[in-house]
Amino acid sequence: MTGWHLLQAAPAVVRQPVIIGIAALYFVVVAAIGVWASRRTRSARDFFVAGKGIGIVTLAIAAMASTLSGFAFIGGPGLVYTAGTGAVFIVLSASITNTMGAWVLAKRMRLLGEARGLMTVPDAIGARFRSPAAQGLSAVAILVAVVGYMATNFLALGLVIDAMFGTGLTFGIWLAMLVTLSYTMTGGILAGVYTDLFEGLVKTAASVTVFWFVWRAGGGMEGISRAITAVDATFLGPWGKMPALSALSLFFVFGMGALGQPHVAHKFYMLRNPRQLKWYPLLMSGAMALTLLLYVGVGLVMRAKVAGGALPPLVRADDATPAFVLGFTPGAVAGLVFAGVIAAGMSTVNSFMNIGAAALTHDLPRAFGRRVGEELRWGRAWTLVLSLAAVLLAQLPGTLVAFLGIFGYGLFAATLVPSLAIGLNWQGATREGAVASIATGLTLTLGLETLAFFKAFALPTGVTVSGLALLLSLLVFFAVSWATRARAASQLDADVRMVMDA
Amino acid sequence: MTTRSALAGLVLSCTAISAAYLLAFLPGGAPPWAAWGLALGSAGALASMIALGAARGGRVRPVALAASVFVFLLVGGAFGAALLLPANEGPSAVLVLGLPLRTAIVLYGIGVVPMLVLPLAYALSFDRETLSDDDLERIRRATREGDA
């Protein structure tokens, strides 16, 4: 779990007025955005797709903010501190995936959304294959992943709030939920997108500032490398402390999996003018690169400091970021980073609250041939129910909560990449292929992760559950679509075909 | 290049990755060369997805095709170099831009270079290859006519 061991062990170091002041200011701005957005949310369309009126800069920064959760600021640097270069393979493909996502998903999602008035990612799958079953199954996959992700992020936020304000963990978790819920439930995704914009800017500012201190403390990249390579010949090797197969497996899962993240794909519906997509990869890649500087830099400089004898080894790897900002940056920067960590958690959670509520309000009823009246009211009600469920889960034993959060990315990848990313670009794909691949991804991910959690089974080194599930889901999609290819043309509506040809 | 070729590339890439994963189940673990399956398979999968997504009317346009080939060569080449070059990341390591050679090839080659090239290629070819004002108007007109 996110390592606030250091902060909890030394709360007086954290509870400096400047750090608490910056964090409190952050909450005030978020609350103000929530109030502003709630006054502009009058329909389900406003609630789920921000009235389809978002500009490209807001869209790109909000997409970056919801993509990079608290892991980018805490768990990620901790993993770099432990595994060296190998941990960078989680984010290495980001230099390609944002542009790839624009080519594969952005235009087609946006045009299909306009042609059909779509609001959710399962909507797009349902429309593509004219299949309520595919829409419903993908909504179930999203729901399972969303609740786990939310629980993990609420726990992380609770730990941060407790460390900073001394609230106690349980109250910290509830406070995190109530703040996020208040603006998500009233302002829907409109509030979510604009708080994401603010939170994205906070994260980027925090990352760039910290990286400057990393550079200075480590003596540049060469200073960091010299300190590490003097004592460890593999840490800065191309795969770090991992076997090559494991590092490459991460690259495959996070590279291809980026095309199946619903909280990012969903945002394409919200863009006011589809011609603005021209600048999406540039803005998204730039924002993400700047925000990932902290991820890479802090783990390396902390390892260099330990290798050079300037610091004792960290008790927990996840202490890397708190230890660095408290030890090597002024209080205002530490405050900015802690606000960035809160921002990272909240911006991810609010997106998941919204797509989870949409799955319950919109997608699952449609899968059973029903439509919910007053989707706005039901969307708000389900947001509340999901948040309560996630908060209760967050109070389970830590290892179980971590388990729930682990498989989210892989589950999205294994269930959505074939049917959404390939399905929207291959007219020969069939609904049978889509349903079979979603079912394969869902079953394999949940089954194998559960067996691994209870230590009933372990995959060999280099093979991950998420990699295997994604691969088999892709192969099932191709095989079943090929076997049922005679039905492909009849399953494609004229307007969907037009968008796919566009 | 056509959609069909991009799909063939994707299936081939998945097959290469499957082979690497299957080798990992061998007694004693995967042989070192199994990593080639994942290295080339991952490069091929990303390159094929770019070609598949950028295709219009079944054909991949020139800039997108060049981007797809570029990604395959860059990612496959960088991982290949890391697998082929001798390990030298100890105290006597030669540093390139602050990192040991093999690591610099992977991190700068895959993590930085595409970020400087791909977004610009996408933006500069957007009007011609992805979505022009005329394309948008044509689609909107067809949608309105379909609704009517």
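Derivation of every value follows stated rules applied to the coordinates shown; laboratory data play no part. It should be emphasised that the depicted structure is a prediction, and the values quoted were computed from it without experimental measurement. We place every Cβ from the backbone using ideal geometry, glycine too, and count neighbours over all the protein chains shown.
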For the A:Ser43, B:Ala87 Cβ pair and Förster radius 51 Å, calculated FRET efficiency rounded to 0.05 is 0.25
Based on other C-beta atoms within 10 Å, arrange A:Thr430, A:Thr186, B:Thr15, A:Thr440 from fewest to most. B:Thr15, A:Thr186, A:Thr440, A:Thr430
As a test of the formula, what do you get for the protein assembly as shown when each DSSP H run with n ≥ 4 contributes -39,500 (n - 2.57) and the sum is divided by the residue count, at 222 nm and rounded to the nearest 500 deg cm²/dmol? -23000 deg cm²/dmol
May I ask for the angle, rounded to the nearest 10°, between helix A:244-257 and the longest principal axis of chain A, with both axes built from Cα atoms and the value confined to 0 to 90°? 50 degrees
What does the C-alpha gyration tensor say about the overall shape of the range A:192-310? Classify as rounded when a/c is under 1.5, otherwise prolate if a/b is larger than b/c, or oblate. oblate
A:Ala494 versus B:Val69: modelled label distance in nm, points set 7 Å from Cα along the beta carbon direction: 3.9 nm
Spherically averaged projected area in nm², based on the convex hull that wraps the Cα atoms of the protein assembly as shown: 26.0 nm²
Kyte-Doolittle mean at least 1.0, axial Cα span of 27 Å or more - DSSP H helices of chain B: B:3-24, B:35-54, B:62-84
Looking at A:Gly240, A:Phe457, A:Leu175, which one has the Cα that reaches farthest to the positive end of the dipole of chain A (charges on Cβ: Lys, Arg +1; Asp, Glu -1)? A:Leu175
Centroid-to-centroid separation of the range A:419-482 and the range A:253-310 [C-alpha atoms, Å]: 25 Å
Any of A:Lys203/A:Lys267; A:Lys203/A:Lys241; A:Lys203/A:Lys278; A:Lys52/A:Lys107 with alpha carbons more than 26 Å apart? Name them for me. A:Lys203/A:Lys241
Where Rh is the Kirkwood radius over the Cα pairs of the range B:3-147, the temperature 37 °C and the viscosity 0.692 mPa s, what D in µm²/s does Stokes-Einstein return? 186 µm²/s
